[in-house]
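To start, the structure itself, in structure tokens.
The values are calculated or read from the model by the stated rules, or taken from the named source; none is laboratory data. Note that the coordinates shown come from a computational prediction; the quantities given were computed from them, not determined experimentally. Methodologically, a virtual Cβ is constructed for each residue, glycine included, from the backbone with ideal geometry; neighbour enumeration extends over all protein chains shown. What goes into the accessible areas is simple: the full protein's heavy atoms, side chains included, and nothing from ligands, DNA or RNA. Shrake-Rupley method; radii C 1.70, N 1.55, O 1.52, S 1.80 Å.
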Amino acid sequence: MQLSKSGTVQVRGARTHNLRNVDLDLPRDALVVFTGVSGSGKSSLAFGTIYAEAQRRYFESVSPYARRLIDQVATPDVDTIEGLPPAVALQQHASSGSSRSSVGSITTVSNLLRMLYSRAGDYPPGQGILYAEDFSPNTPQGACSQCHGLGRVYDVSETTMVPDPSLSIAERAIAAWPPAWHGQNLQDILVTLGHDIHTPRRKLPKKSREWILYTDEQPTVPVYAGFTAAEVRQVMRRKMAPSYMGTFTGVRRYLLQTFQTSKSPMMRKRAARFLRSTLCSLCKGKRLRQAALRISFAGLDIAALSHLSFNDLSQLLQTAAAARGRSAEKQLVATRIVANITERIATLQHLGLGYLAPERATPTLSPGELQRLRLATQLRSNLFGVIYVLDEPSAGLHPADTAALMDALDQLRASGNSLFIIEHDLDVMGRADWLVEVGPGAGSGGGRIVYNGPPEGLRGQRDSATRPYLFAQRQPRRRLSRIPLGWLRLKSVTRNNLRKLDVAFPLGVFTVVTGVSGSGKSSLVSLALTELLADRLAGARAATHEELPEAPPPEELELTRGEVLEGEDSIRRIVAIDQRPIGRTPRSNLATYTGLFDEVRKIFAKTQLARSRRYAAGHFSFNVDGGRCPACHGEGFVSVELLFMPSVFAPCSTCRGSRYTEATLEVTYRDHNIAEILAMTVDQASLFFNDNRAIHRPLQLLQAIGLGYLTLGQPATELSGGEAQRVKLATELQRVSDGATLYLIDEPTVGLHPSDIDKLMAQLDILVEARNTVILAEHDMHVAATADWIIDLGPGAGDEGGRVVVAGTPETVASHPTSRTSPYLAALLAPA
């Protein structure tokens with residue numbers, strides 16, 4: 001297509017992150033795809049520059065007071081952007097909402113259902129009219145009075161709080177108490193209160209045992225840290241000043257309070273381990289007051305209706321709305337509201353989300369499902385002249401679902417909007433009007449525009465990493481002929497939409513679980529397998545706690561049921577590698593997570609200057625007092641509040657962003673101080689430490705998996721899900737493996753350029769060749785074609801899935817007549 005200046009977005013001097021003073025013109029009213037290797041700068045251009053500038057301009061038009069209430073993005077580093085319309089961002093983010101947030105609330109279908117029941121529901125005789133809010137479990141007037149709208153009641157028992165009563169309190173008999181200082185503080189308070197913490201708990205008086213566990217009293221008393229009971233009595237008689245004043249909290253109160261109010265996900269999960277949940281006896285898990293549950297539509301109360309899939313809900317509502325027997329007013333209301341609901345559901349069905357139910361909690365959705373839900377909302381908004389900036393909308397989609405997604409995007413474009421999409425899917429690139437490749441490499445090796453124009457023009461771009469995959473027939477990598485070492489057989493697996501599934505996984509080979517989006521792949525690989533095997537492997541099998549999945553929170557109502565019939569004796573460790581962040585704060589980074597920073601700090605501690613100053617390895621950590629900057633506490637920056645404008649993070653004026661004191665920075669190793677080491681990329685550090693195996697090996701593995709562009713000090717919070725997953729894999733590859741490990745990996749190709757996928761697969765082959773078992777849930781057909789074994793789930797999504805359609809070699813699956821996966825595999829495996 002031809003560019004005209006009146007119809008373009010003109011970017012000049014973009015320098016966000018690794019962008020190198022980028023200039024480019026982009027067409028409006030077109031599908032523009034940004035591509036390039038992982039870390040090349042695509043997101044920095046599309047989101048960090050273009051979308052950020054559009055949002056900044058919007059905020060400039062908002063009143064100063066309103067601006068304070070909005071979470072604003074940072075101002076982009078760019079000279080000018082001309083021709084920029086308003087922009088809407090649809091990014092890939094895993095849901096962090098509570099279990100009260102649901103699919104129905106995102107799509108507003110739940111609001112319409114409440115209105116339907118309020119205005120057109122069948123009321124029992126004598127009951128007054130209820131408002132829509134009375135049908136919501138998230139409002140005081142609607143929530144069940146006993147469970148407060150949760151559907152379950154959470155409480156504790158003595159056995160969960162004190163699993164071993166033969167221990168004394170000092171020996172941590174009360175396992176539910178917090179670890180470290182907080183737990184010791186509670187023990188010290190008990191000493192002041194006169195309780196015996198050294199006698200086995202079961203020998204304590206009943207009154208004392210029950211008070212410690214169940215009291216709601218919170219006495220504040222003087223604490224004498226480390227003193228014995230006799231010493232405490234003595235110093236209190238002398239009225240000696242205490243170490244501090246401490247407030248006691250009973251164990252039950254502590255657990256419930258932590259679970260309900262703590263801002264720390266780690267603390268909430270720990271508390272959840274000691275809670276037991278039961279179905280609410282009043283609402284029977286339906287979360288609403290009885291007054292709302294007595295009202296029906298189509299013969300169902302609103303809780304039962306909300307658990308239906310959108311596919312079933314649409315059909316039921318249309319039939320019920322057409323039925324006679326209502327007053328003329330109620331009939332009109334029912335017809336209007338049902339028409340609105342079914343119209344919204346039709347959009348969801350077109351995007352392949354008809355298997356979801358309004359009551360489905362958003363934390364259980366994948367990032368791809370969340371993004372498509374938001375896309376469905378935009379399709380109904382009828383906006384015109386907007387730029388939609390999307391982050392890999394095809395991520396998490398089976399090829400059969402991508403076609404429906406592209407139809408939806410074409411609909412937005414046909415409505416007079418522009419689509420700026422970050423994408424690695426070759427089919428999506430092929431349908432683009434305009435292609436922008438950022439690169440040619442990643443990190444400092446990227447940030448330039450390799451190509452900007454119609455897709456066909458990329459054919460002649462020799463330094464393009466995308467060209468070989470887009471225009472050459474990408475043949476699957478050669479598959480090694482591997483014979484299973486045994487079989488892991490599961491029977492009657494029940495989890496989410498898996499219903500009494502019998503399935504077998506070959507051991508010692510590479511298996512890919514395929515199927516349309518929502519068919520049950522993640523439920524099988526990430527949930528069922530880990531939960532069925534984790535308990536068996538936690539003790540005698542020598543699997544470390546860090547490698548095992550965390551205990552599910554109490555709000556997760558369903559746990560896996562099923563049996564392991566065969567094969568568990570052949571597995572010594574289980575390692576689940578997902579795309580969750582490797583750290584929750586900027587203090588966690590690449591160097592600390594992989595463990596190589598410990599070795600770096602030891603090297604600095606051994607230098608002559610460090611020894612003369614008696615600096616230990618801990619002195620070179622920015623997480624503890626000693627060598628870190630006292631002004632910013634090792635953060636390297638300070639937050640500057642600007643009231644009506646976004647907060648600005650400025651380098652610390654004391655350490656100038658280095659995180660360390662001047663004295664610490666005077667210690668050097670090969671003319672580099674510790675801050676300069678952290679600023680190195682993996683590629684640079686690999687050369688610098690090439691004679692130190694303990695440091696060089698993890699760096700080599702990070703390079704091999706395509707992460708050489710990351711810096712050692714890269715904050716964990718700045719890593720994408722795909723980058724975090726590959727860091728975990730590289731960390732695992734450092735271990736000396738003797739085989740017999742089961743690796744469970746959920747969609748590792750999400751966010752990866754085809755060239756990065758090839759690097760990833762080479763590393764997974766290394767794990768399999770060491771006689772380990774690798775099982776992937778995956779949509780990339782090129783990856784599936786290289787598998788030793790494929791398990792194809794389906795045939796559809798949701799209730800229409802959860803079954804094994806076909807299992808066998810790629811050739812077997814490719815020839816199956818009803819598999820949704822077979823046509824795409826067959827196209828790849830067909831002779832060239």
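Provide the per-residue ³J(HN,Hα) series for the range 610-620, in order, calculated from phi with Karplus coefficients 6.51, -1.76, 1.60 and θ = phi - 60°, each as a whole number of Hz, with x at glycine and proline positions.
5, 5, 5, 9, 6, 7, 7, 4, x, 5, 9
What are the ³J(HN,Hα) couplings of the range 126-136, residue after residue, when phi is run through the Karplus curve with 6.51, -1.76, 1.60 and θ = phi - 60°? Round to Hz, x for glycine and proline.
Per residue, the Karplus-derived 3J(HN,Hα) values read x, 8, x, 5, 9, 7, 4, 5, 6, 9, 10 Hz.
What number, in percent, do you get for the relative contact order of the range 587-704 if the mean sequence gap of Cα pairs under 8 Å and at least 6 apart is divided by its residue count? Can you show the working numbers first?
On the way: 144 pairs, mean separation 24.6, N = 118.
After rounding, I find 21 percent.
Counting helices only, and only those DSSP H runs with n ≥ 4, report the 222 nm mean residue ellipticity of the chain as the sum of -39,500 (n - 2.57) divided by its residues, in deg cm²/dmol to the nearest 500.
It comes out at -9000 deg cm²/dmol, rounded to the nearest 500.
Set Lys and Arg Cβ to +1 and Asp and Glu Cβ to -1, take the dipole of the chain about its Cα centre, and tell me which of Pro754, Gln127, Leu409 lies farthest positive.
Going by the Cα projections, it comes out as Gln127.
Loop-only trypsin sites (Lys or Arg not before Pro) in the range 1-60, please: DSSP not H, G, I, E or B, and at most 14 other Cβ atoms within 10 Å. Walk me through the numbers before you get to the answer.
Details: sites: Lys5, Arg12, Arg15, Arg20, Arg28, Lys42, Arg56, Arg57; in loops: Arg15, Arg20, Arg28.
Passing both the DSSP loop test and the Cβ count: Arg20.
Between Glu133 and Lys207, 0.36 nm times their residue separation minus their Cα-Cα distance comes to what? Please list the in-between numbers first.
Numbers: separation 74, 0.36 × 74 = 26.64 nm, distance 4.52 nm.
Here the answer is 22.1 nm.
For the range 375-436, which chymotrypsin sites (Phe, Trp or Tyr not before Pro) pass both filters: DSSP loop (anything but H, G, I, E, B) and at most 13 other C-beta atoms within 10 Å?
In loop regions of the range 375-436 (DSSP not H, G, I, E or B), the sparsely surrounded chymotrypsin sites (Phe, Trp or Tyr not before Pro) are Phe384.
Treating only the Cβ of Lys, Arg, Asp and Glu as charged (+1, +1, -1, -1), what charge dipole size does the chain show about its Cα centre? Round to the nearest 20 debye.
Approximately 2220 debye in magnitude.
Given H placed 1.01 Å from N in the peptide plane, which residues other than close sequence neighbours of Val88 have an amide H under 5 Å from its amide H?
For Val88, the qualifying residues are Ile387, Tyr388, Val389.
Sequence-distant or interchain residues sharing an amide H contact under 5 Å with Val806, placed H: which?
Excluding prolines and chain starts, which carry no amide H, the hits are Asp792.
How much accessible area per residue does the chain have, counting only protein heavy atoms and a probe of 1.4 Å, in square angstrom?
It amounts to 45 Å² per residue over the chain.
In debye to the nearest 20, how big a dipole does the range 574-620 give about its Cα centre with +1 on each Lys and Arg Cβ and -1 on each Asp and Glu Cβ?
Roughly 340 debye, rounded to the nearest 20.
Could you list which residues have their amide H under 5 Å from that of Glu566, counting only those 5 or more apart in sequence or on another chain, with H placed in the peptide plane?
Arg489
For the range 370-415, what % of the accessible area comes from carbon and sulfur atoms, probe 1.4 Å?
Values: 730 of 1460 Å².
Carbon-and-sulfur percentage of accessible area, whole number: 50.
Please work out which option in (i) 45; (ii) 38; (iii) 53 gives percent of Cα pairs over 41 Å apart calculated from these coordinates, and answer with its label.
Checking each listed value against the structure points to (i).
All other residues with a Cβ under 13 Å from the Cβ of Arg670 taken together, and with Lys, Arg as +1 and Asp, Glu as -1, what is their net charge?
Details: positive: Lys606; negative: Asp671, Glu676, Asp691.
Once positives and negatives cancel, what remains is -2.
Of all accessible surface on the range 190-342 at a 1.4 Å probe, what whole percent is carbon and sulfur?
Summing carbon and sulfur atoms, their accessible area is 53 percent of the total for the range 190-342.
Karplus couplings for the range 228-233 from phi (6.51 cos²θ - 1.76 cosθ + 1.60, θ = phi - 60°), rounded to Hz, Gly and Pro as x?
Ordered by residue, 3J(HN,Hα) equals 7, 4, 5, 5, 5, 4 Hz.
Under a point-charge model restricted to the Cβ atoms of Lys and Arg (+1) and Asp and Glu (-1), what is the dipole moment magnitude of the range 300-444 relative to its Cα centre, in debye to the nearest 20? Don't skip to the end; give the middle numbers.
Numbers: 11 positive and 16 negative charges, 168 e Å.
Here the range 300-444 has a charge dipole of around 800 debye.
Among Pro85, Gly104, Leu707, which residue has its Cα furthest toward the positive end of the charge dipole of the chain, with +1 on Lys/Arg Cβ and -1 on Asp/Glu Cβ?
Gly104
Which listed residue (His619, Asn382, Pro165) has the Cα farthest towards the positive end of the charge dipole for the chain, taking +1 on Lys and Arg C-beta and -1 on Asp and Glu C-beta about the Cα centre?
Of His619, Asn382, Pro165, it is Pro165.
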